[in-house]
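*Asks:* Here it is, the structure, as structure tokens.
The values are calculated or read from the model by the stated rules, or taken from the named source; none is laboratory data. Model, not experiment: these values are computed from the prediction. Here Cβ is always computed from backbone atoms with ideal geometry, including for glycine, and neighbour counts include all displayed protein chains. To get the accessible areas, we keep the full protein, side chains included, count just its heavy atoms, and leave off ligands, DNA and RNA. Shrake-Rupley method; radii C 1.70, N 1.55, O 1.52, S 1.80 Å.
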Amino acid sequence: MISNISYYKNLKSKSDFNGKLKHNVDLSKFTWLQTGGKAKLFFIPEKLIDLKKFLKNLNIDTPAFILGAGSNTLFRDLGYNGVVIKLSRNFEYIKIINDNEVKVGAATNCIKLARILARKGASGLEFFSGIPGTIGGAIKMNAGAYEKDTSDFLRKIKTINREGEIKYIYPHDYKMIYRETNFPEEFIFLEATFEYKKNKDVSDNLNKINELVTKRKLTQPIKEKTSGSTFKNPKNFKAWKLIQKSGCKNLRVGKASLSKLHSNFIINEGGATSKDIEKLGEKIREKVFKKLGIILDWEIRIIGE
Ligand SMILES: Cc1cc2nc3c(=O)[nH]c(=O)nc-3n(C[C@H](O)[C@H](O)[C@H](O)COP(=O)(O)OP(=O)(O)OC[C@H]3O[C@@H](n4cnc5c(N)ncnc54)[C@H](O)[C@@H]3O)c2cc1C
């Protein structure tokens with residue numbers, strides 16, 4: 001049971017939800033870039049019922065942000081003046097429903113999902129094997145790789161809104177295009193139903209994954225503090241090529257620089273601030289636009305003040 005909450009003004013009443021509720025939590029511990037300020041309030045609901053009670057009790061004017069694995073999020077240095085919600089391990093599960101559908105908890109890691117499915121004789125979602133986020137983040141970002149996107153396999157989503165109401169929604173009722181969706185910001189994804197193809201040849205499934213992983217290791221700095229691709233690829237162009245062509249390869253701001261392996265990956269060399277990263281990104285956008293007349297859009301989500 002949660003006790004000692006000094007942040008009651010955000011809550012309508014003293015509620016009896018379970019989980020971890022903390023104040024002034026250092027957000028750099030929760031993102032891949034390892035930068036950013038503090039969250040005024042940070043909540044990890046133990047179970048769905050706790051999340052429901054919390055949301056029902058949360059004042060409607062309190063900003064709320066749902067965080068997955070933080071592999072595509074940059075929290076600004078002044079932090080987040082509201083509540084950051086992160087789903088607990090109880091939201092991590094994989095249930096094969098029938099011969100072509102699987103239900104996955106939103107906190108499940110995409111890489112883990114790809115490997116578990118491959119071993120269970122389920123094929124199709126191998127592209128997830130290099131995406132280090134959660135299923136919730138993959139839905140929101142319509143994450144993808146190697147010509148496949150989350151939306152290609154997603155059939156149904158279980159969500160909860162700010163009022164704590166649970167609703168099933170269908171991707172075809174929303175926009176899901178290349179790294180962009182129009183799901184309402186208030187929706188927290190709880191569970192997704194994906195379609196898969198049966199392929200009992202487990203070694204064939206695992207070989208597909210190993211090939212993709214090898215390719216990725218050669219071209220991406222997957223062990224660095226990074227958020228993956230900084231910018232989306234503009235139509236008919238590759239962002240990394242535009243960045244190189246504009247002479248940005250060696251740009252840096254403080255301890256933020258571009259990866260030598262992949263020039264669309266900004267890395268925190270250690271000690272970079274979110275401001276360094278954002279400034280470097282903006283310098284690149286400016287240079288690419290001046291030199292080539294092409295606008296690069298951020299793929300990384302920048303959050304906070
Ligand atoms: C090394 C590396 C490689 C990468 N490679 C790829 C790649 O190949 N392809 C690709 O598409 N991306 C890639 N990424 C980016 C990132 O992994 C994906 O965007 C991923 O889907 C983000 O998931 P996350 O859980 O980390 O989301 P977060 O960064 O935590 O959040 C991203 C967005 O999703 C929302 N969100 C998270 N969980 C939920 C939820 N339960 N309900 C509602 N909204 C939610 C957040 O509010 C936020 O708006 C890479 C990143 C890294 C670090």
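*Asks:* With respect to residue 71, determine if the residue is part of a loop (DSSP other than H, G, I, E, B) and either outside the structural domain of residue 190 (by TED's automatic domain parsing) or more than 24 Å from residue 192 (Cα to Cα) (or both).
*Replies:* Considered against the rule, which asks whether it is part of a loop (DSSP other than H, G, I, E, B) and either outside the structural domain of residue 190 (by TED's automatic domain parsing) or more than 24 Å from residue 192 (Cα to Cα) (or both), residue 71 comes out as yes.
*Asks:* Ok, one more. Only residues in segment 143-156 that are assigned to a loop (DSSP other than H, G, I, E, B) count as the first member; pair them with residues that are away from the ligand (no atom under 12 Å from the Cβ) and among the charged types (D, E, K, R), Cβ under 6 angstrom, at least 6 apart or cross-chain, and list the lot.
*Replies:* Close Cβ pairs satisfying both conditions: 153/195.
*Asks:* Same structure, new question: Just wondering, is there one or more residues in segment 193-207 that are over 17 Å from residue 129 (Cα atoms), in a loop (DSSP other than H, G, I, E, B) and free of Cβ contacts under 8 Å to residues at least 24 places away in the same chain?
*Replies:* No: segment 193-207 contains no residue that is over 17 Å from residue 129 (Cα atoms), in a loop (DSSP other than H, G, I, E, B) and free of Cβ contacts under 8 Å to residues at least 24 places away in the same chain.
*Asks:* Next question, about the same structure. Tell me, yes or no, whether segment 186-200 has at least one residue that is of a type in the set (D, E, K, R) and more than 29 Å from residue 106 (Cβ to Cβ).
*Replies:* No, segment 186-200 contains no residue that is of a type in the set (D, E, K, R) and more than 29 Å from residue 106 (Cβ to Cβ).
*Asks:* Go through the residues of segment 272-292 one by one and say whether even a single one is of a type in the set (Gly, Ala, Ser) and open to solvent by 50 Å² or more (accessible area, probe 1.4 Å).
*Replies:* For segment 272-292, residues of a type in the set (Gly, Ala, Ser) and open to solvent by 50 Å² or more (accessible area, probe 1.4 Å): absent.
*Asks:* Still on this structure, I have one more. Which ones in segment 171-205 are under 22 Å from residue 117 (Cβ atoms) and open to solvent by 80 Å² or more (accessible area, probe 1.4 Å)?
*Replies:* Selection gives 197, 198, 200.
*Asks:* Just for segment 211-229: of the residues that are open to solvent by less than 70 Å² (accessible area, probe 1.4 Å) and more than 10 Å from the ligand (Cβ to nearest atom), which one is farthest from residue 269 (Cα to Cα)?
*Replies:* Among those that are open to solvent by less than 70 Å² (accessible area, probe 1.4 Å) and more than 10 Å from the ligand (Cβ to nearest atom), it is 213.
*Asks:* Can you name every residue in segment 41-75 that is open to solvent by 50 Å² or more (accessible area, probe 1.4 Å) and either away from the ligand (no atom under 14 Å from the Cβ) or without any contact (Cβ under 8 Å) to a residue 12 or more places away in the chain (or both)?
*Replies:* 46, 47, 49, 52, 53, 56, 60, 61
*Asks:* Separate question: Tell me which residues, restricted to segment 239-260, are under 22 Å from the mean Cα position of the chain (by Cα) and open to solvent by 50 Å² or more (accessible area, probe 1.4 Å).
*Replies:* Result: 240, single match.
*Asks:* Determine if segment 103-112 includes at least one residue that is modelled with pLDDT of 95 or more, within 23 Å of residue 168 (Cα to Cα), open to solvent by 30 Å² or more (accessible area, probe 1.4 Å) and not assigned by TED's automatic domain parsing to the domain that holds residue 19.
*Replies:* yes
*Asks:* Let me ask another. For segment 270-305, how many residues are in contact (Cβ under 8 Å) with a residue 40 or more places away in the chain and outside any helix (DSSP H, G or I)?
*Replies:* Final tally of qualifying residues: 15.
*Asks:* Also, quick follow-up: What residue, among those in segment 92-142 that are among the β-branched types (Val, Ile, Thr) and in a loop (DSSP other than H, G, I, E, B), is farthest from the ligand (Cβ to nearest atom)?
*Replies:* Of everything passing the filter in segment 92-142, 108 is farthest from the ligand (Cβ to nearest atom).
*Asks:* Looking only at segment 198-219, decide whether some residue is within 22 Å of the chain's Cα centre (by Cα), basic (Lys, Arg), closer than 21 Å to residue 69 by Cα and at pLDDT 95 or above.
*Replies:* no
*Asks:* Scan segment 20-40 residue by residue and report those that are modelled with pLDDT of 95 or more, assigned to a strand (DSSP E or B) and open to solvent by less than 40 Å² (accessible area, probe 1.4 Å).
*Replies:* 25, 39
*Asks:* Which of the residues that make up segment 281-305 are of a type in the set (A, V, I, L, M, F, W, C), more than 19 Å from residue 238 (Cβ to Cβ) and either more than 16 Å from the ligand (Cβ to nearest atom) or touching a helix residue (DSSP H, G or I) at 6+ places or on another chain (Cβ under 8 Å) (or both)?
*Replies:* 302
*Asks:* Of the residues 158, 167, 140, which is open to solvent by 30 Å² or more (accessible area, probe 1.4 Å), within 29 Å of residue 222 (Cα to Cα) and not assigned by TED's automatic domain parsing to the domain that holds residue 72?
*Replies:* 140
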